[in-house]
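Single-structure report; data block below.
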Amino acid sequence: MTGKRTGAAARIVRLPRGRPAAAGDRGAAIYAALRRAIIEQALKPGEKLPEDAIGASFGVSRTIVRNALHQLAAEGLVEMRRNRGARVARPRWEEAGDIFDIRRALERLVIARLAGRLTPEQVARLKEHADREDAARGGSEPHSVRLATEFHVLLAEMTGSEVLARYVGEAAWRCGLTLTLYSRPHSSECGVHEHREIIAALEAGDEARAVAVMDGHLSAVVSRALIDPPGRSRDLSEILRRYAQE
């Protein structure tokens, strides 16, 4: 079959050639690539994710693609419907508040597990990630959201708890997709600065400080995401009320 591919497959980069990768490695690479494309909105909410087209783009079987899609579905980034295939998820604005509340509680647990227990190698890795966030400032907003989300996932993974890392990852990636859909544009400078404050507090073993910074950081994230329900009609006085209070 000839001709250009269209849809999701056209925007997915093939795996590099060379030594054949194990099925697990290829599946992980596809999963990571699709997740990145979704968070950065290269793949739009509601867009179809056909297994055959994705498999052809990566040079793998539909089974490997299906496994990657199921992983993304578990994180709330993909919707799997019987006889209708997979689509990029579209988080409901009404559910966003609950997801952020759950995330805040989980990340407090992460802080409690890590305060004063990070190894020098872990601290260096976190600081290196913050440097990457700094380097991305002024670029694509979805790209910055992805990097910021990865910072929180990395913290959870450092606890050594697979369960905690899984739940934090699911909540964080759902929040990330919500942010790319509903939040207003903002400077990522404050977010990176807060990440550095969290690292410093964890390194010093100051759990109370780390929790306070994390709570303030996530509250700021929520304030960017939960502005107003999309499509909601408002009158002039309602629109200006927030500005009058400020």
>> Going by amide H atoms built from the backbone, whose H comes under 5 Å of the H on Val78, apart from near neighbours?
In response: Ala73, Ala89
>> If I stretch the segment between Asn67 and Asp101 completely, what's the gain in nm (0.36 nm per residue apart, minus their alpha carbon distance), one decimal?
In response: 9.3 nm
>> What does the extension gain come out to for Glu162 and Arg137, with contour length at 0.36 nm per residue minus their alpha carbon separation?
In response: 5.9 nm
> Shape of the stretch 109-201 from its Cα gyration tensor (a ≥ b ≥ c, root eigenvalues): rounded if a/c is under 1.5, otherwise prolate when a/b > b/c, or oblate?
Replying inline: oblate
>> Net charge within 13 Å of Ala212 by Cβ-Cβ distance, Lys/Arg positive one each and Asp/Glu negative one each, not counting Ala212 itself?
In response: -3
> At q = 0.13, 0.26, 0.32 Å⁻¹, what base-10 log of I(q)/I(0) does the Debye formula yield for the stretch 38-80 when every alpha carbon is treated as an equal point scatterer in vacuo?
Replying inline: -0.26, -1.00, -1.19
> In nm, to one decimal, how far is the Ala220 label point from the Ala32 one, both placed 7 Å along Cα→Cβ?
Replying inline: 2.9 nm
> Working from the pairwise distances between different alpha carbons, so that the mean of 1/r is found and then inverted, what is the stretch 60-153's Kirkwood radius in Å?
Replying inline: 16.4 Å
> Carbon-plus-sulfur fraction of the accessible area of the stretch 106-195, 1.4 Å probe, in percent?
Replying inline: 50 percent
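The values are calculated or read from the model by the stated rules, or taken from the named source; none is laboratory data. The model shown is predicted, which means the values in this text are computed figures rather than measured ones. FYI the Cβ positions are ideal-geometry reconstructions off the backbone, even for glycines, and counts take in every protein chain you see. Each accessible area value is taken on the protein alone, full model and side chains, heavy atoms only, with ligands, DNA and RNA left out. Shrake-Rupley method; radii C 1.70, N 1.55, O 1.52, S 1.80 Å.
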